[in-house]
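Asks: Have a look at this one.
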Amino acid sequence: MRVPVQASTVAMLIALNLHRYGQERAKDITRIRLSSATLRKIAGKQRLREAFLEEIEDALFEIGFLFLRVDDGTFGVIAKASVSNWSRLSAKRINDLLGADPDTIQGKYDETLPPVVDEDGGDDE
């Protein structure tokens, strides 16, 4: 293991890695996924504590990136600027459900959206 690195340095290393990956691919890369092993390697740590992950999240935000934690132990990094190109969603389509009781909302959800299936094929329940 390397010498542990400060969260702000980890954020810069992630940004540089993303930039160099984009150069290799000859395109602008605005989002990437990192395994916890890769993040530990970049940080020079054997264990990623919650407080340190929060510091990385803050440091990435300061330099223009969003940090996401995924249930499978991986992390996502997205350029904040890319979010401005996404479709904007208002609440007007669910006005009829705002203020409804949770059972009504659950019923509408179950009726409208299929259950989430995880990667091993089982329901996420």
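The values are calculated or read from the model by the stated rules, or taken from the named source; none is laboratory data. Remember, it's a predicted structure, so these values are computed and weren't measured experimentally. Every residue, glycine as well, gets a Cβ built from its backbone with ideal geometry; the counts of neighbours run over all protein chains shown.
Asks: Of all residues in the range 84-97, which are at pLDDT below 95 and either closer than 18 Å to ILE32 by Cα or assigned to a helix (DSSP H, G or I) (or both)?
Replies: If the condition is that a residue be at pLDDT below 95 and either closer than 18 Å to ILE32 by Cα or assigned to a helix (DSSP H, G or I) (or both), then SER84, ASN85, TRP86 are the ones that fit.
Asks: Only residues that are surrounded by 15 or more Cβ atoms within 10 Å (Cβ to Cβ) and in contact (Cβ under 8 Å) with a residue 40 or more places away in the chain: list them for the range 58-71, please.
Replies: Result: ALA59, LEU60, PHE65.
Asks: Return the residues of the range 52-78 that are in a loop (DSSP other than H, G, I, E, B) and farther than 19 Å from SER35 by Cβ; say none if nothing qualifies.
Replies: ILE63, GLY64, listed by residue number.
Asks: Test of understanding: among ALA81, ALA100, which residue is outside any loop (DSSP other than H, G, I, E, B) and surrounded by 10 or more Cβ atoms within 10 Å (Cβ to Cβ)?
Replies: ALA81
Asks: Mind listing just one residue for me: the one in the range 22-57 that is under 13 Å from the mean Cα position of the chain (by Cα) and under 11 Å from ALA7 (Cβ atoms) and, of those, surrounded by the most Cβ atoms within 10 Å (Cβ to Cβ)?
Replies: Filtering first and then ranking leaves ILE56.
Asks: Name the residues in the range 103-118 that are among the aliphatic types (A, V, I, L, M) and in a loop (DSSP other than H, G, I, E, B), would you?
Replies: LEU113, VAL116
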